[in-house]
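Colleague: Pasting a structure below so you can have a look.
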Amino acid sequence: MRRKTPLTLAAALVAAGALALTACSAGSGGSTGSGSSTGSGQTAVTVALTGAPVNLDFTKTAGSAIPQALMTNVYEGLVRVDQSGKVVPLLAKEWKISEDRKTYTFTLQDGATFSNGEKFTANDVKFSLDRVKKDWTTTLKAKMDVVQDVEVKNDTEVAVHLSHPSNAWLFDMATPVGAMFSSTGVADLANTPVGTGPFTVASWKQNENIVLKTRDDYWGTAPKVKEVTLKYFADATATTNALRTGDVDAIVNLQAPELVDTFKDDGKFTVTSGTSSGEVSLSFNNRVAPFNDKRVRQAVLYALDRQAIIDTAWNGYGSLVATYATPTDPYYVDLNAKYPHDPAKAKQLLKEAGAENLSITYTVPTRPYAQAVSEIVVSQLKEVGIDVKIQSSEFPAVWLDNVFTKHDFQMTTVLAVEARDLLTVFNNPDYYIGYDNAKIAPIAAKADAADEQGYISGMQEVQKQIVDDAASGVLFLFPNIVITKSELTGMPKNSIVESLDLTGLSWK
């Protein structure tokens, strides 16, 4: 059951004005013509977010802020992921898989066009997928390594040949690496996106807002609103204030759950709490002492009362998962019982490792979830004899440079929002946590090439190995708390992939 945050902690969080994670969205606000103040016939919505993108090119800039705003709305893929986590058609109206499961033949939608007027054809599919390998610079490009070649059969039919069967590939096509581009529309992606989606970027002011206009020539079902403004705020308190005053129309992925109750009994607003793909991690640097010792990593996990962390730090919102797999993943297995709260066991492991009276540094990014959990983690670890020093790290710039790029940390917390990122994190020894993937790599490879049941069982085996190794912990699965004006409908409840789908928004 959800328990309320103590008032003292709630007040502290609000007063801190903590920044939200780049990848998270939070709130919306009225701009030109938006908000209930406009009365009937409203055609605009303003959505307030935290963590503004530094540019609009996710092919060269990592993070979720850009695809959150642009995927599904401006850019589309051949497929998309629905609210249940299922892959469904988008620019491809259907597809067939060869008997050897190495060729996907897509039949494309009729009449789809890019916002620059160019017709969308199979040649654009080939251009887009080839471009991932040649021109993308983010680590996401590795998701297309399995593509051997792309065969254009005619304008509306394209065959993608894989080097080996891959269960993960079709889902990956619903993420940013599957976005379709026009060869005539990639000259200035950082400022001028060109996609097949129902919206275009009408204007963009860095750190302030992105204004999306509905296309009159969209190939599919047109949105019921004419304009959506994504407005970026410094913190969650500012978004809730904006919603209260009528300047904004919705808050998505609220970063201050202690404020939710002030809206729940107010008929002017609708509050929902869905799930997400975001794990609030307790990440260990497996390369360096003391976390190069499995017993120390396990001791930390035994020392934590994760439900108490959820109840105290995040007002009871969120759920428990053991690693980077979520209940919407087809291969999810519940491994939460592996590390129950057991301080005695933690002390025993520390003694066996010769790590009693341990002192470590905990690098905490300047984000509300990280600040909320860090003091509780420190307190719980102190109970088993681990002295933890918090080192604040400005996010994203400093944290990304020191922790993610240079691997200069012992323990950290971050909200990892990429969907189905289990292998991204753990099947690459060069990733920032430095986990030795020698055991899981062959299991993961075999699972990816197996039939559906083999994929599920293999990925569950991967999870069990990762959890047994205590490669890194997950404090909780981040909730998607959404608050909207009661007249606004169509805001997605769940955040399964990075994109914030705005295409269903409408006013009652």
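Colleague: Kirkwood Rh, Cα Rg: Rg to Rh for region 111-255?
Modeller: 1.04
Colleague: Assuming a ≥ b ≥ c are the square roots of the Cα gyration tensor eigenvalues, decide whether region 139-181 counts as rounded (a/c under 1.5), prolate (otherwise, with a/b larger than b/c) or oblate.
Modeller: Oblate, because a/c is 1.5 or more while a/b does not exceed b/c.
Colleague: For region 360-429, take N as its residue count and report Rg(C-alpha) divided by 2.2 N^0.38 Å.
Modeller: 1.17
Colleague: Could you tally the net charge around Asp135, taking each other residue with its Cβ under 10 Å from the Cβ of Asp135, Lys/Arg +1 and Asp/Glu -1?
Modeller: Once positives and negatives cancel, what remains is +4.
Colleague: While we're on this one: Could you tell me which of Gly385, Ser115, Pro198 has its Cα farthest along the dipole of the chain towards the positive end, charges placed at Cβ (Lys, Arg +1; Asp, Glu -1), taken about the Cα centre?
Modeller: Ranked along the dipole, the leading option is Gly385.
Colleague: Near the amide H of Leu475, under 5 Å away, which other amide H atoms are found, from residues 5 or more places off or on another chain, if H is placed in the peptide plane?
Modeller: Here Val280, Ser281, Leu282 satisfy the definition.
Colleague: Sticking with this one: At 222 nm, what value in deg cm²/dmol follows for the chain if DSSP H runs of at least 4 each add -39500 (n - 2.57) and the sum is divided by all its residues, to the nearest 500?
Modeller: Calculated from helices alone, the mean residue ellipticity at 222 nm is -7000 deg cm²/dmol.
Colleague: Can you find, among Trp399, Leu423, Thr61, the residue sitting farthest towards the positive end of the charge dipole of the chain, where Lys and Arg contribute +1 and Asp and Glu -1 at Cβ?
Modeller: Result: Trp399, furthest along the dipole toward the positive end.
Colleague: What dipole magnitude, in Debye to the nearest 20, does the chain give about its Cα centre under +1 on Lys/Arg Cβ and -1 on Asp/Glu Cβ?
Modeller: In total the dipole reaches around 600 debye.
Colleague: While we're here: Choose one of Thr138, Leu70, Thr156: the residue whose Cα lies farthest towards the positive end of the charge dipole of region 54-160 (beta-carbon charges +1 Lys, Arg; -1 Asp, Glu; about the Cα centre).
Modeller: The residue sitting farthest along the positive end of the dipole is Thr138.
Colleague: Another one. Between rounded, prolate and oblate, where does the chain land on the alpha carbon gyration tensor, with a ≥ b ≥ c its root eigenvalues, rounded for a/c under 1.5, else prolate if a/b exceeds b/c?
Modeller: Cα axes put the chain in the oblate bin.
Colleague: Separate question: May I ask you to list the GluC sites (Glu not before Pro) in region 338-393 that are in a DSSP loop and have at most 16 other Cβ atoms within 10 Å of their Cβ?
Modeller: Listed in order of number, the matching sites are Glu356, Glu383.
Colleague: Quick check on region 394-436: take the gyration tensor over C-alpha atoms, sort the square-rooted eigenvalues as a ≥ b ≥ c, and tell me if it's rounded (a/c under 1.5), prolate or oblate.
Modeller: Verdict is oblate for region 394-436.
Colleague: Which net charge results for the neighbourhood of Gly77, defined as the other residues with beta-carbon distances under 14 angstrom from its beta-carbon, given Lys and Arg at +1 and Asp and Glu at -1?
Modeller: Net charge around Gly77: -2.
Computed from the coordinates by the stated procedures, all read-outs in this text should not be read as laboratory data. These figures come from a predicted structure and were not determined experimentally. Neighbour counts run over all protein chains shown; Cβ positions are idealised from the backbone, glycine included.
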